[in-house]
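Data first, discussion second: the structure below is written as structure tokens.
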Amino acid sequence: MVRSRPHAAVRAAAACAVVVALAFAAVPNARTAATPRVDLAVLVVDDGGAPVAAITEHLAAAGTPVTAVRLREEDRPRIDGRFLAATDGGRPRARFQAVIVPGSGSAGRAPGLGSAETAALASYERRFGIRQVDAHAVPRPHSALGAPAWSGRLDGRTARVTPAGRAGPFGYLGGPVPFADPGPGTPGTYGHLVRPGGDFTPYVDAAVPGKEPGRGALVGEYAADGRRRLLVTFGRPGDPLAYRLLARGIVDWATAGVRLGAARHAFAVHVDGVLGSDARWDPAGDCTSGTPGCADLPPIRMTGADAAYARTWSADRNLTLDLVYSGGAADRHRRAHGGADALADRLLTDREAYRWINGTYDRARLGCVPRPAGRCARDAAGAVRWTPERRIARQIEDNLDWARARGLPVSRDELVTPGHTGLAAPPHQPLDNPHLAPALAATGVGRLASGAARDPVQRRVGTALTVPRHGLGLFAGAGREEEQMDAYAYVYGPGESGPGEAADGAGGRAGTGRAEGRHAAGARYRSYLVPRAARTALGHVLAADPRPHYLHQSNLAEDRIAYPVLDRVLARYRRLFTPAAPLAHPRPRAIARDLRRRAEWARAVRDGEVTAYRVGRTVTVRAPAGTEVPATAPAGTRQRFAHGGAAFGRPYAGRATGWTHPDARREAVVLRLP
């Protein structure tokens, strides 16, 4: 039984509840009645440490139900036979299909667990064939692993997936498992390299430093005493990349490849302000051109050559860019230049090479009417002055008309407002523009971009669902590398790392410098900011975060500073993963749907409305009507319908994964291995 609390009362199944059954090839068994029931939930013994958190992060992203026993809570449940197992109509019942513990000591005991609890877990795992993951196993002379061959910081080292790991749970990885070096004074990743023994099969290993040649394991399977345990011998990760790479395989091993939950990697890239221009950052005045007291500098706008480069780059990388366009900006440019606009001409010629998103006709602010310093203007009665509904609707419709007149393949239901204006922007605008939702309904907008830093959770704005977006970390006023470096140093201060994760190979906090020449600034940009921004974006991808990333058209102009970041993300992903785990580039509507069904599924699990268990080779899931169910099963599994059948899900990382729901004529969905 999957519940938000281990001993919560079972809710009565509603008449409209759906039943999802994952049925595998039947095995004749004279003792079918004694075949145990195993609930599809993972028991996580949580000590609050980073290794357990890294695995739990993947379980949450995939939608795999978890019951957590937090060791630091005084009133936590005690792990004993009654907590772990029961009977169901005379049938033995295991409450959990897998167990995650923080680690193991000399006696195989997880820190924070008593000897009785450790013995109860071991007995339970032997009885039902349940697998255990030790998230940070410490080898000692009298432990299961023996004394380590080497112990120390793994920062800057590269491990690899062994042949057994590729044939087993880590077949989706291309081979290298890098550990970044965050630099001196920054917490790193400490690990132990273990020599393989007769009962231990290494899945990930690394070269043992020193005079003795050979390799030592960092992850491997230990089979003894009637149990199977996956031992991970590194922990306290200052760099979460390694755990994010391995988490899918760790969970796949623990659940034997059959579980609730589905996780794929995605990297969609939006380019805001296309056809318009961006005000330039002034390094001398530490301000943006056009603001009071700032120099009047030429704006940044892509050229026809920049558009041609974008098309070639997109085709070569097999990544379709989403262009957020504003037709009014192109019209103004033509009027100011005698009807000429090489940028618009080239983009329109290559229209089929991109996906197009409505960015409003004039890129006008759609929130409150602004005053200096970003505050909202107020009327004589003190009420906030808002951009009216009619103007918002006109901005949306005029841009759609502009696209239709030029044959642009644009969807009416997707919208990006300039700077996400119209949505709440505390402290100056703590509320959404009250006229925004009616305008979205009137114009048929169903997907509205928001900023993930300020508005990270999907929410409804009238008829529209938000699609939170991650910034790529590049400023709109930067077309040149030195402008980006100077703006970065101004915002975060010289020597500061800024937001996000430390860059691999960056050496920790490195001074960005305010007085560098162009050549030096360009070198610092490529050696410091590019790895940093790429690493943060790749972290989102590896965490199975479907939310898109956005940059500005100015970042594709002049020095084209965005491409090194994007290239690094794509190159590293393709080096780390095999083609069995392709990188998707979904549209806003697909992302919005994914976020919505994830939220609905998580809510159903949290509220105790999901029941999932396996008996032999049949798995049954009950969930509220209309709730899509995520599942992962062996490749080749087929779904049975009332009349015929079809393949379940899609292949990904060696498994079949997808979201499913019952056939309209049946109460059950049955999936079978060939």
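The values are calculated or read from the model by the stated rules, or taken from the named source; none is laboratory data. What you see is a predicted model, and the numbers here were worked out from it, not measured in a lab. Glycine gets a Cβ as well: all are built from the backbone with ideal geometry, and neighbour counts include every protein chain shown.
The criterion of at least 2 residues that are in contact (Cβ under 8 Å) with a residue 24 or more places away in the chain, among the aliphatic types (A, V, I, L, M) and buried (at least 17 other Cβ atoms within 10 Å of the Cβ) is met by the following strands (runs of 3 or more DSSP E) wholly inside segment 180-258: 200-207, 215-224, 227-232.
Filtering segment 126-142 to residues that are in contact with a Gly (Cβ under 8 Å, 6 or more places away or on another chain) and either of a type in the set (A, V, I, L, M, F, W, C) or not assigned by TED's automatic domain parsing to the domain that holds Thr56 (or both) leaves Ala135, Ala137, Val138.
Evaluation of Arg597 against the conditions (1) at pLDDT 95 or above; (2) part of a strand (DSSP E or B) shows that the sole unmet condition is (2).
Looking only at residues that are touching a Gly at 6+ places or on another chain (Cβ under 7 Å) and in a loop (DSSP other than H, G, I, E, B) in segment 149-158, which one is nearest to Ala224 (Cα to Cα)?
Kept after step one, since they are touching a Gly at 6+ places or on another chain (Cβ under 7 Å), are these residues of segment 149-158: 149-150, 153-155.
Next cut, in a loop (DSSP other than H, G, I, E, B) only: 149, 154-155.
Numbers: Ala149: 21, Leu154: 28, Asp155: 32 Å.
Among those that are touching a Gly at 6+ places or on another chain (Cβ under 7 Å) and in a loop (DSSP other than H, G, I, E, B), it is Ala149.
Taking each residue of segment 392-414 that is within 22 Å of Asp345 (Cα to Cα) and looking for partners that are of a type in the set (Lys, Arg) and in a strand (DSSP E or B) with beta-carbon atoms closer than 8 Å, six or more apart or interchain, yields Leu400/Arg412; Pro409/Arg355. From the residues in segment 357-381 that are in contact (Cβ under 8 Å) with a residue 40 or more places away in the chain and part of a strand (DSSP E or B), which one is nearest to Gly444 (Cα to Cα)? Within segment 357-381, the match that is nearest to Gly444 (Cα to Cα) is Asn358.
If we scan segment 153-160, do we find a residue that is more than 21 Å from Ala53 (Cβ to Cβ) and charged (D, E, K, R)? Scanning segment 153-160, I find at least one residue that is more than 21 Å from Ala53 (Cβ to Cβ) and charged (D, E, K, R), so the answer is yes. Applying the set (1) surrounded by fewer than 17 Cβ atoms within 10 Å (Cβ to Cβ); (2) part of a helix (DSSP H, G or I); (3) in contact (Cβ under 8 Å) with a residue 12 or more places away in the chain to Tyr573 leaves exactly one unmet item: (1). Considering every residue within segment 159-176, establish whether at least one is in a loop (DSSP other than H, G, I, E, B) and out of contact with any helix residue (DSSP H, G or I) (no Cβ under 9 Å at 6 or more places or on another chain). Checked against the condition, which is being in a loop (DSSP other than H, G, I, E, B) and out of contact with any helix residue (DSSP H, G or I) (no Cβ under 9 Å at 6 or more places or on another chain), segment 159-176 yields at least one hit. Among the residues that make up segment 325-332, is at least one of them of a type in the set (Ser, Thr, Tyr), in a strand (DSSP E or B) and crowded, with 16+ Cβ neighbours inside 10 Å? Yes: segment 325-332 contains one or more residues that are of a type in the set (Ser, Thr, Tyr), in a strand (DSSP E or B) and crowded, with 16+ Cβ neighbours inside 10 Å. When Arg346, Arg280, Arg363, Arg301 are screened for being surrounded by 17 or more Cβ atoms within 10 Å (Cβ to Cβ), touching a helix residue (DSSP H, G or I) at 6+ places or on another chain (Cβ under 9 Å) and over 25 Å from Leu400 (Cβ atoms), only Arg280 passes.
A quick yes/no check of all residues on (1) surrounded by fewer than 22 Cβ atoms within 10 Å (Cβ to Cβ); (2) within 30 Å of Ser450 (Cβ to Cβ); (3) out of contact with any strand residue (DSSP E or B) (no Cβ under 8 Å at 6 or more places or on another chain):
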| site | (1), (2), (3) |
| --- | --- |
| His585 | yes, yes, no |
| Arg589 | yes, yes, no |
| Arg603 | yes, yes, yes |
| Val619 | no, no, no |
| Ala623 | no, yes, no |
| Val629 | no, yes, no |
| Arg640 | yes, no, no |
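Per the conditions (1) of a type outside the set (A, V, I, L, M, F, W, C); (2) farther than 28 Å from His428 by Cα; (3) surrounded by fewer than 16 Cβ atoms within 10 Å (Cβ to Cβ), the sole criterion not satisfied by Arg375 is (2).
Restricted to segment 388-496, the set of strands (runs of 3 or more DSSP E) holding at least 1 residues that are more than 25 Å from the chain's Cα centre (by Cα) comprises 410-415. Checking the structure you have, find out if any residue of segment 96-103 is within 30 Å of Pro36 (Cβ to Cβ) and free of Cβ contacts under 8 Å to residues at least 12 places away in the same chain. No, segment 96-103 has no match at all.
Screening the candidates Ala13, Ala34 for the property of being outside the structural domain of Val457 (by TED's automatic domain parsing), modelled with pLDDT under 65 and more than 30 Å from Pro141 (Cβ to Cβ) yields one hit, Ala13. Scanning segment 41-76 for residues that are more than 20 Å from Asp134 (Cβ to Cβ), at pLDDT 95 or above and outside any helix (DSSP H, G or I) turns up Gly63, Pro65.
Comparison of Thr627, Thr632 shows that the only residue that is part of a strand (DSSP E or B) and of a type in the set (Ser, Thr, Tyr) is Thr632.
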